[in-house]
Amino acid sequence: MIPIKLPREQKKELVEQIKSYFDERGEAMGDIAAEQTVDDMLAMLGPIIYNQALEDARKLLTERMMNLEDDLYALHKPINARR
């Protein structure tokens, strides 16, 4: 899987959130450690979230296709066998 690349501002915001989280716990975390934590979390959680998104999309598309199939079937015209 291709590594997830976040826009600079989004990654910077995540780094700040990680640092804030550890500050609240009374632990100091520098920029480099916080950035590495973000990268590690993306590497670990990225595939799981990606796969779940694919599964959600598959379920939605399957449901929509079933509805479309029902709608198309409802459009059928009766065929009279008169001669």
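Matching residues to (1) of a type outside the set (S, T, N, Q); (2) modelled with pLDDT of 95 or more:
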| position | (1), (2) |
| --- | --- |
| Gln17 | no, yes |
| Met41 | yes, no |
| Met44 | yes, no |
| Glu55 | yes, yes |
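Restricting attention to segment 32-83, the residues that are among the β-branched types (Val, Ile, Thr), open to solvent by 100 Å² or more (accessible area, probe 1.4 Å) and within 30 Å of Pro7 (Cα to Cα) add up to 3.
Out of Met29, Met66, one residue alone is free of Cβ contacts under 8 Å to residues at least 12 places away in the same chain and part of a helix (DSSP H, G or I). It is Met66.
Residues in segment 5-15 that are basic (Lys, Arg) and either at pLDDT 95 or above or not in a loop (DSSP other than H, G, I, E, B) (or both): Arg8, Lys11, Lys12.
The values are calculated or read from the model by the stated rules, or taken from the named source; none is laboratory data. Computed from a predicted structure; not experimentally measured. A quick note on method: Cβ atoms are made from the backbone with ideal geometry, for glycine too, and the neighbour counts reach across all protein chains shown. These accessible areas exclude ligands, DNA and RNA; they are computed on the full protein's heavy atoms, side chains included. Shrake-Rupley method; radii C 1.70, N 1.55, O 1.52, S 1.80 Å.
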